[in-house]
C-alpha cells in the first residue's frame with residue numbers, strides 16, 4: 001500500500017514539475033496595460049470567437065509579442081491596428097467595422113429575426129382565418145368514437 005502511495009506522490013510531483021513557468025512581472029506596466037488593451041480588441045486568428053487577451057494559442061502569443069514590440073518602438077495603438085488589419089484583414093478585429101463587405105455580418109441576424117417574426121405572424125393569421133379549427137369534422141368524429149370506445153379497461 002505504501003508503494004502505491006509513493007508512486008502516486010511521485011507522479012503528482014512530476015506533473016507539477018512539468019507545469020509552465022510563471023510569466024515574469026512586466027518591466028514596464030504602462031506598456032503591458034497598452035498591450036492588454038489592444039489584445040482585448042484583437043481577435044485570435046486560430047481560436048473560435050476569442051480575443052488575443054484570452055487566448056493561449058501560439059499564434060496569439062506571437063501576435064501579442066509583435067504588438068508589444070511595435071508599441072515599444074513608439075507606434076500608436078491606431079498604427080498597430082492598421083498594420084494588423086492590412087496584414088490579416090478585418091477578421092483580426094474582434095468587432096469589425098460596419099461597411100459594405102461586413103454588412104451581412106451585422107445585418108444578417110436582424111434580417112433572420114425579422115423573417116422569423118413575419119413567418120410567425122403569417123402562420124397565426126392563417127390559423128385565425130381558419131377559425132382555429134385544427135381537426136376537420138370527419139377527424140373530430142373519428143377521434144370522439146375512439147374516445148367513447150375506451151372504458152378504462154386494460155387491453
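Every number in this text was worked out from the coordinates using simple rules, so none of it is lab data. Quick caveat: nothing in here was measured; it's all calculated off a predicted structure. Glycine gets a Cβ as well: all are built from the backbone with ideal geometry, and neighbour counts include every protein chain shown.
Take each peptide in 43-53, 68-78, count the other Cβ atoms within 10 Å of every residue, and average; sorted highest first, the result is 43-53, 68-78. Here the mean projected area of the convex hull built on the C-alpha positions of the range 73-128 is 5.0 nm².
Given a Förster radius of 30 Å and the C-beta distance between residue 102 and residue 78 as r, what FRET efficiency does 1/(1 + (r/R0)^6) yield to the nearest 0.05? Efficiency at R0 = 30 Å is approximately 0.95.
Can you check how the C-alpha radius of gyration of the range 26-97 compares to 2.2 N^0.38 Å, as a plain ratio? Before the final figure, lay out the partial values.
On the way: Rg = 11.3 Å, N = 72, 2.2 N^0.38 = 11.2 Å.
Ratio of Rg to 2.2 N^0.38 Å for the range 26-97: 1.01.
Here the extension length gained between residue 59 and residue 121 equals 17.5 nm, from 0.36 nm per residue of separation less the Cα-Cα distance. Note on the range 51-155: semi-axes of the ellipsoid equivalent to its C-alpha gyration tensor, largest first and rounded to whole Å, are 64, 21, 8.
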